[in-house]
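Here the structure comes first, spelled out in structure tokens, and everything after it is commentary.
The values are calculated or read from the model by the stated rules, or taken from the named source; none is laboratory data. Here the structure is a predicted model, which means the values were calculated and not measured. No Cβ is skipped: glycine too gets one built from the backbone with ideal geometry, and neighbour counts run over all protein chains shown.
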Amino acid sequence: MTAVLVPDGPDAGAIWHYGDPLREQRLLVGGQASVDLSHRPVFSVGGPDRAAWLREVANLGATRPLAPGVSAAQPMTATPTPPAPMTPPTHGLPSTGYATDDAGRIVCSFTGWDDGDTFWAHTEPGRLDALLAWLRAASGGAMVEVADRRTHVLVQRAGAGSPDIVPATDAPTALGEVHAGLWAYEALRIERREPRPFLDADAVDPTRDLVLLHLDGMDGDLPAVGAPVLSGGAVVGRMGTSAQHWRLGPIGLALVDRSLAPGAPLAVDGIAAAVAA
């Protein structure tokens, strides 16, 4: 099993696939494969004030305390309800936190869960140092401890409904024998319409909706992140991530104007596209 690495972009160096990315997607859907997500940095927040403080500084928006098995998240952008996970997670349900500048642009984002003692989280590659600096600067007098957890890694266990953070020394056991690459993981994330901050959504914009696009796969090309989405020659949105899906073909996420007419023909990077139902 030869691993092919992501050549560039934010996930550069992660395992892209093991030679058959479409088969790997089917294995992942069937709960038979795990995914190494160790390229995503992890951190933790401890202390008795962590729940209230995280809601205040990171827009978690909860109306009830963080606790194992309780989601405290408000979606970063409006998305359709994803399918139920294959199996329940082994920790609290994931929550998304983020902060924006005065213009509504996202400056930091993370996803994590509380195990009853500590909030464990992961963020986008290359953004941990800035995120930790921002969190520590915002701590004020709160009784919280923000810790870099480079000794731990993120893994998607086979059959689990969401990723988990484990000590790096435990990763081989957590991953097991059958692996899928990031291509498979990302294609299924896109299908679930789960946005990645800075890629699928770089700002909180109430005038646009996140949609799933079916892309014309005749040439095998995929549009670039950030490419304008056009309708009749006019810009009506922004392209996010895309991938070749084992069942749906080429798909991607985009933010499009809420005023876009249903069924309007679209194009992005010269590729015909249509909004999925």
Unmet criterion (only one of (1) in a loop (DSSP other than H, G, I, E, B); (2) on the phi < 0 side of the Ramachandran plot) for Gly126: (2)
Single residue of the stretch 194-223 satisfying the filter (more than 25 Å from His122 (Cβ to Cβ) and among the small types (Gly, Ala, Ser)) that is surrounded by the most Cβ atoms within 10 Å (Cβ to Cβ): Gly217
Residue that is surrounded by 13 or more Cβ atoms within 10 Å (Cβ to Cβ), in the same structural domain as Ala158 (by TED's automatic domain parsing) and at pLDDT 95 or above, where the choices are Ala72, Ala99, Ala142: Ala142
Residue, farthest from Gly31 (Cα to Cα), within the stretch 148-178, restricted to residues that are touching a Phe, Trp or Tyr at 6+ places or on another chain (Cβ under 6 Å) and in a strand (DSSP E or B): Asp148
Strands (runs of 3 or more DSSP E) within the stretch 201-277 that include 2 or more residues polar (S, T, N, Q): 234-245
So Pro195, is it touching a Gly at 6+ places or on another chain (Cβ under 7 Å) and part of a strand (DSSP E or B): no
Test: residue in the stretch 31-48 that is free of Cβ contacts under 8 Å to residues at least 60 places away in the same chain, more than 26 Å from Thr118 (Cβ to Cβ) and part of a loop (DSSP other than H, G, I, E, B): no
Considering residues of the stretch 1-47 that are β-branched (Val, Ile, Thr) and out of contact with any strand residue (DSSP E or B) (no Cβ under 6 Å at 6 or more places or on another chain) only, the residue surrounded by the fewest Cβ atoms within 10 Å (Cβ to Cβ): Thr2
Which numbered condition Gly263 fails, given (1) touching a residue at least 24 places away in the same chain (Cβ under 8 Å); (2) surrounded by fewer than 22 Cβ atoms within 10 Å (Cβ to Cβ): (1)
Only listed residue being among the hydrophobic types (A, V, I, L, M, F, W, C) and touching a Lys or Arg at 6+ places or on another chain (Cβ under 6 Å), chosen from Leu154, Leu199: Leu154
Selection status of Gly176, surrounded by fewer than 18 Cβ atoms within 10 Å (Cβ to Cβ) and outside the structural domain of Glu24 (by TED's automatic domain parsing): no
Yes/no for Arg189 being assigned to a helix (DSSP H, G or I) and within 25 Å of Arg238 (Cβ to Cβ): yes
Residue in the stretch 115-128 that is of a type in the set (Lys, Arg), loosely packed, with under 15 Cβ neighbours inside 10 Å and modelled with pLDDT of 95 or more present: no
